Amino acid sequence: MKRLYSNLTVQVLTAIALGVAVGALFPAFGAALKPVADTFISLIKMLIAPIIFLTVVLGIAGMGSMKKVGRVGGKALLYFEIVTTLALAIGILVANLTQPGAGVQATAQAVLRDGKKAAEAAKFTSQAGEMNWVEFFTHIVPDNVVGAFAKGDILQVLLFAVLFGLALNRMGPTAAPLVKTFDRLSHAMFGVLALVMKLAPLGAFGGMAFTIGKYGIATLLPLGKLMLVVYATMFLFIFGVLNLILRYYKLRLGPYLAFIKEEILLVLGTSSSESALPRMIDKLERYGCSRSVAGLVIPTGYSFNLDGTSIYLSIAVIFLAQAFNIPLSLTQQLSLIAILVVTSKGAAGVTGSGFIVLASTLAATKVIPVESVALLLGVDRFMSEARAITNVIGNGVATLVIAKSEGEFDEARHQLALQGRSVPENERSEPAAELPRVAQDSDLVAR
């Protein structure tokens, strides 16, 4: 019984159930628990930048060939584009077949009648979501490295980590002492993460209590069909598309999902894929992926491989068109997919980002009024859990695919993970197997 109680999965599940009960029975108190969830997510955010930096640097430094770094990065980006485009297309197809917006015209008209409130909410969201893509790409380059770490800007930290790792790679054996120091720092950071994760049940409890307490179960009823379609589509995407992708690479979806169940439950409780980002790097390494691949693909996918967000955006756009009785031609729907392929890349894995990107997409298309997004205000929080969970699962699948295709998948480590005998990063006494290459590959000196 004591061992069961100490299991993180059981603790998080219990916390989620208690959060739902508190939010339903004591809504005012539940809504006031938002700081509890926010504080836990802040603790995770505190570790994201240093963990990503150390993991990416160690991965690239130990990768050996500079061509290999470019090949892994290129494969990852190509995979991201193909799968997210497929997710968008599936979302639009399902929305056309199921017509989730057909039954909410009355609710939609009520939103328009309350024009002032809706317009203000949509105006704020639209302004937040408007994207200047020149600024987006130039912003990736930090003008101050320390500032990038201080702000927790993932893309800026990732760029600096890639450049730093490449520099260490080119230095060859002379970089070995620094690489070993970074490896020890990495172990220490994952040790801190293990301590923070002891508070995961508290964060999940606060997040779920806030969601139910503030929005209430009753807010789901008018838009229940939309939620059902979104959740069902993501379920089919995971167990259909992602399952087939894994089967092609001779891996099984069930054991993979079981291995990351704690991260899935954490995301469910906090409604943020950001809360699982650092642990997913470690989990995928324990599952068989090399550190170099896991350290590069997971952080990159956090900004460029948001399968769940892509499905939500495509269904939400078609839903709003149906709800406000705005017919969309095939050409317009194809144009929407093209625009969403771009705008979805601006959605970080945090709560509410999908809502912001949706407003920016409507502003760009100028077919559906931006004010219509106010219709989704009540249920967006409930759908963010599905988005975040699908994003996390999809990024893990992407990492497995790239590792397999690169021959960077350790089958022996994979079997240990399936048997429940894998060792967490913070408990390992030996450095990662990839790291000695920096000191051993004499051919690197020539570079």
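The values are calculated or read from the model by the stated rules, or taken from the named source; none is laboratory data. The shown structure was predicted, so the numbers you read here are calculated from the model rather than taken from an experiment. Every residue, glycine among them, receives a Cβ derived from its backbone with ideal geometry; neighbour counts consider all protein chains shown. The accessibility values were calculated without ligands, DNA or RNA, using every heavy atom of the protein model including side chains. Shrake-Rupley method; radii C 1.70, N 1.55, O 1.52, S 1.80 Å.
For the stretch 178-272, the helices (runs of 4 or more DSSP H) that sit wholly inside it and include 1 or more residues that are under 19 Å from Phe382 (Cα atoms) are 200-215, 224-236, 261-270. The residue list Val56, Val69, Val83 contains one member that is modelled with pLDDT of 85 or more, closer than 17 Å to Ala398 by Cα and open to solvent by less than 50 Å² (accessible area, probe 1.4 Å), which is Val83. With respect to Val179, determine if the residue is over 21 Å from the mean Cα position of the chain (by Cα), surrounded by fewer than 18 Cβ atoms within 10 Å (Cβ to Cβ) and of a type in the set (A, V, I, L, M, F, W, C). Considered against the rule, which asks whether it is over 21 Å from the mean Cα position of the chain (by Cα), surrounded by fewer than 18 Cβ atoms within 10 Å (Cβ to Cβ) and of a type in the set (A, V, I, L, M, F, W, C), Val179 comes out as no.
Put simply, of Leu221, Leu195, Leu242, Leu257 the only residue that is modelled with pLDDT of 85 or more, of a type in the set (A, V, I, L, M), within 22 Å of Ser384 (Cα to Cα) and surrounded by fewer than 19 Cβ atoms within 10 Å (Cβ to Cβ) is Leu257. Among the residues of the stretch 396-414, those identified as open to solvent by less than 50 Å² (accessible area, probe 1.4 Å) and among the hydrophobic types (A, V, I, L, M, F, W, C) are Val397, Ala398, Leu400, Val401, Ile402, Ala403, Phe409. Of all residues in the stretch 139-152, those satisfying the criterion of being touching a residue at least 12 places away in the same chain (Cβ under 8 Å) and not in a helix (DSSP H, G or I) are Ile140, Val141, Pro142, Gly152. No other residue among Ile298, Ile264, Ile260 is touching a helix residue (DSSP H, G or I) at 6+ places or on another chain (Cβ under 8 Å), under 18 Å from Arg421 (Cα atoms) and of a type in the set (A, V, I, L, M, F, W, C) apart from Ile260. When the stretch 172-186 is filtered for residues that are in contact with a helix residue (DSSP H, G or I) (Cβ under 8 Å, 6 or more places away or on another chain) and without any contact (Cβ under 8 Å) to a residue 12 or more places away in the chain, only Leu178 remains. Selection of the stretch 260-272 for residues being open to solvent by less than 30 Å² (accessible area, probe 1.4 Å) and either on the phi > 0 side of the Ramachandran plot or β-branched (Val, Ile, Thr) (or both) yields Ile260, Val267, Thr270, Ser271.
When the criteria are applied in full, Ser310 fails the requirement of being open to solvent by 30 Å² or more (accessible area, probe 1.4 Å), within 24 Å of Lys366 (Cα to Cα) and out of contact with any strand residue (DSSP E or B) (no Cβ under 9 Å at 6 or more places or on another chain).
One line per residue, one yes/no per condition, for (1) within 30 Å of Asp307 (Cβ to Cβ); (2) in contact with a Gly (Cβ under 8 Å, 6 or more places away or on another chain); (3) at pLDDT below 85; (4) charged (D, E, K, R):
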| site | (1), (2), (3), (4) |
| --- | --- |
| Asp410 | yes, yes, no, yes |
| Arg413 | yes, yes, no, yes |
| Gly420 | yes, no, yes, no |
| Asn426 | yes, yes, yes, no |
| Ser429 | no, no, yes, no |
| Val438 | no, yes, yes, no |
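Please go through the stretch 95-115 and give me each residue that is assigned to a helix (DSSP H, G or I), open to solvent by 30 Å² or more (accessible area, probe 1.4 Å) and at pLDDT 60 or above, ordered by number. Matches in the stretch 95-115: Asn96, Leu97, Thr98, Gln105.
Inspect the stretch 201-218 for any residue being in contact (Cβ under 8 Å) with a residue 40 or more places away in the chain, out of contact with any helix residue (DSSP H, G or I) (no Cβ under 6 Å at 6 or more places or on another chain), crowded, with 21+ Cβ neighbours inside 10 Å and within 30 Å of Thr84 (Cα to Cα) and give the result as yes or no. The answer is no, given that none of the residues of the stretch 201-218 is in contact (Cβ under 8 Å) with a residue 40 or more places away in the chain, out of contact with any helix residue (DSSP H, G or I) (no Cβ under 6 Å at 6 or more places or on another chain), crowded, with 21+ Cβ neighbours inside 10 Å and within 30 Å of Thr84 (Cα to Cα). When you look at Ala321, is it open to solvent by less than 10 Å² (accessible area, probe 1.4 Å) and closer than 17 Å to Thr233 by Cα, yes or no? Taking the combined requirement at face value, the residue does not satisfy it. When residues in the stretch 17-35 are screened for being surrounded by fewer than 19 Cβ atoms within 10 Å (Cβ to Cβ) and assigned to a helix (DSSP H, G or I), 12 of them pass.
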